[in-house]
Amino acid sequence: MDASKHEYIPLSPSDKSHELLSEENSSIEQDIHQSTGSTSWNGWTWFLAACILSAALSAINLGALSAVQTIRSLPTPIKTPSVYMGLDTLRGKNNTLCRSRVTYPESVATFEKANIRGRTRLHAPGDKMILEFGDTTSAYINFRIPDYGLENCTLSLKCNDTSTYLDQTQFTASVEIWLLQNEGKLRDKVLLDTLTFANGAEPTTAPFFCAAQSHVFFHLRCPGEGCQVQIPLQNVTAMTAGVDSRLQTGLSLTQYEALTCIP
């Protein structure tokens, strides 16, 4: 066989149509690549936008909740619970309604001069003890303040005109009422008021603060020359008080809901 009769097959395509097809395929591949890249970029953009929007909404939600909680936690007037059912509702409709309560001494004692530590306690229940003070003898009175939310108090000293121990028709004595800051100590005491212990009278001190569930201590003295005050303790202490105790000679402490309620 004559080799000269055969033509060599070119290694590269010589047909122009083949070359155009090759270029067209290349442009198609580029379009596909660009389309895929654009789709991927749009997906990330939407994802990031969704994350930012979610974070913004969460921040707004937390801010709103924090603002609401702050408003709720703002200080408001403390409301003391009422021991009477429905009384707080009545107070809302009628502001002129005032609560008050009378209490009596829990313990009574006497001491000489400034020796308050050596005081002698008088036991009143079931007997007819008489609290007697004047000149160098002073009285020590202990009141317990119950928890009724009534923390404005006054102290009254009543002298019943029917008391059998009063021999004089006109009996008067000036009694100093001292408010003690600490139990059994005369230091830092405050002169609350001076009351006139007179036949048929019931003088009352100026109002003072009396914390609920606490004790209030008083020092009573009659500094006038020859002054002598006698108070029967039967039915005028916390353990022996009755319905008619307000009519008898003795000491009583009245608790009020507000200063405007004090007559």
Efficiency of FRET from Cβ geometry, Cys98 and Ile130, R₀ 35 Å, rounded to 0.05: 0.50
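How much length would be gained if the chain were fully extended between Leu65 and Trp178, taking 0.36 nm per residue of separation minus their Cα-Cα distance, in nm to one decimal?
Numbers: separation 113, 0.36 × 113 = 40.68 nm, distance 5.36 nm.
Length difference between fully extended and current span is 35.3 nm.
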Estimated FRET transfer efficiency when R0 is 25 angstrom, pair Thr137-Met239 (beta carbons, to 0.05): 0.60
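Rounded to the nearest 0.05, what FRET efficiency do Gln213 and Ser156 have when you use their Cβ-Cβ distance and R0 = 22 Å? If you can, show how the numbers build up before the last one.
Values: r = 22 Å, r/R0 = 1.00.
About 0.50, to the nearest 0.05.
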Translational D in µm²/s for segment 87-261 (Stokes-Einstein at 10 °C, 1.306 mPa s, Kirkwood Rh from C-alpha pairs): 95 µm²/s
Amide H within-cut-off set for Asn199, under 5 Å, with H built and near neighbours excluded: Phe171
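Laboratory data are not the source of any read-out in this text; all were calculated from the coordinates shown. Because the structure is a prediction, the values reported are computed rather than measured. Counting neighbours? That spans all protein chains shown, and the Cβs are built from the backbone with ideal geometry, glycine included.
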